[in-house]
1. Can you tell me which residue within the stretch 77-128, out of those that are among the polar types (S, T, N, Q) and surrounded by fewer than 15 Cβ atoms within 10 Å (Cβ to Cβ), is nearest to the chain's Cα centre (by Cα)?
2. The conditions are (1) surrounded by fewer than 17 Cβ atoms within 10 Å (Cβ to Cβ); (2) under 15 Å from D138 (Cβ atoms); (3) of a type in the set (G, A, S), and A45 fails exactly one of them. Which is it?
3. Please list, ordered by residue number, the helices (runs of 4 or more DSSP H) wholly in the stretch 40-110 having 2 or more residues that are at pLDDT below 90 and aliphatic (A, V, I, L, M).
4. Kindly indicate whether any position in the stretch 134-157 is more than 20 Å from R199 (Cβ to Cβ) and surrounded by 15 or more Cβ atoms within 10 Å (Cβ to Cβ).
5. Out of everything in the stretch 175-201 that is basic (K, R) and within 19 Å of N95 (Cβ to Cβ), what residue ends up being least open to solvent (accessible area, probe 1.4 Å)?
Amino acid sequence: LNERLRKVLRRRTSALQQARADLAKQADELSLKYRYDQLVGKSPALRDVLRLVDRVTDLTLPVLVVGESGTGKELVAKAIHFNGPRRRARFVGENCGAVPAALMEAEFFGYARGAFTGAVRDHAGLFEQADKGTLFLDEVGETPLDMQKKLLRVLEESEVRRVGGKAAVPVDVRIVSATNRDLAGMLSEGRFREDLYYRLN
């Protein structure tokens, strides 16, 4: 009889522990404010990331997402945008490493008609295209130093001046940037501006 009672007690204890684990898992999932259907995974590390994303989504502060290539940095940026207060405006993304340095200013800030050969009409840059929305700067660590200085000015002044243009155009953009580079190391080597780093991070 004692042995049977011990077996029943073990079964019930095991069932109770399983029920507690299931409840803890559900509570953990319910602790997130937003849904992240595009981000696949259930590891504790990913849950920690999603809790952090939850905290910054409703803010207007810039966000810097750091991680290895292929870890879903752009998915995190899109989750921040489409769950946040700017979701009705545009999400505009650009890989900073894919834009030739000579074209970067025109691509980011736009250009006026006649600014250079082939500029037959005014063109809005990425900042203007993302106005009231989110501009995602992927691989921001690849940005040349000269362009970093210009990016910093736009972030400080909240306005752009098109290449060849005279008037400043106000822009209201939330910046989400990403990199797989060690920006702190680049700061110490003088390859990334400290003031821009603190504006993005």
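1. N95
2. With (1) surrounded by fewer than 17 Cβ atoms within 10 Å (Cβ to Cβ); (2) under 15 Å from D138 (Cβ atoms); (3) of a type in the set (G, A, S) applied to A45, the lone miss is (2).
3. In the stretch 40-110, the matching helices (runs of 4 or more DSSP H) lie at 44-57.
4. no
5. Here the residue is R181.
The values are calculated or read from the model by the stated rules, or taken from the named source; none is laboratory data. Predicted model only: the values in this text are computed from it and were never measured. For neighbour counting, all protein chains shown are included, and Cβ atoms are generated from backbone atoms with ideal geometry for every residue, glycine included. Protein only, heavy atoms only, side chains kept; ligands, DNA and RNA dropped before computing areas. Shrake-Rupley method; radii C 1.70, N 1.55, O 1.52, S 1.80 Å.
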